[in-house]
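Below is one structure, written out as structure tokens; the observations come after it.
The values are calculated or read from the model by the stated rules, or taken from the named source; none is laboratory data. These numbers were taken from a predicted model, which means no experiment stands behind them. Cβ sites come from the backbone with ideal geometry, for glycine too, and all protein chains shown count toward neighbours.
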């Protein structure tokens, strides 16, 4: 992995460089400490909260993190990560990375699952903002409530592919298909593509997708499918597909949404509360708490 954090209690994630590591740890233990007679650099995996060791800090142009499970007496000062072999097995950065299905679940008492759920509640307005940005579609209060209820029913926080970095998009991934008619779109290019493929539809003055002939039925629905994750040169990338399909399950339009991990973490670590929509946070708390 090419990123690290210094504690399970923080959402501040940093690129692995010597300068960044020194700046946030101030060269203090337990992040700096010897191992096997040599200097060691230790931190926490942003995805699974297990300890990591930084490899090649001085010898490489691009040092990287590797999961580290210390044996008794290996380190003098206890590390900050939470050792959990089960979380490691499903971590996107792990060498034993497995193919995920939507039904793969963490244990009910998973500490990471609890943190994911808590973060979703506290940052729900920002979750909705990022989903609107990615889809080009407005998510109404009513739709947000439906999504929360389906996330609760699916216990989405227990999904093995969920981390505290990808909360907005995994939240959407748990949603069942919803009807398209009446949804407000503000992405003109995507909407024009949809109307070209379905000339029976129109984009009304309110920005809503509607049907030209009121006597006919709009059979289109939208969903979020195909959660994919990939590590290349220690860098994690994830995506889902925003899919619009007809009643024959044929795709009419689709868009790949690439997860903006850094942007999400920047938002939730921001001290600026001026533009927050706390009614959405209250909604999430009422459904999930």
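I need the strands (runs of 3 or more DSSP E) fully contained in region 179-241, keeping only those with at least 2 residues that are assigned by TED's automatic domain parsing to the domain that holds residue 167 and in contact (Cβ under 8 Å) with a residue 40 or more places away in the chain. Qualifying strands (runs of 3 or more DSSP E): 221-232. Residues in region 211-230 that are surrounded by 15 or more Cβ atoms within 10 Å (Cβ to Cβ) and either farther than 20 Å from residue 160 by Cα or over 15 Å from the mean Cα position of the chain (by Cα) (or both): 211, 218, 219, 220, 221, 222, 223.
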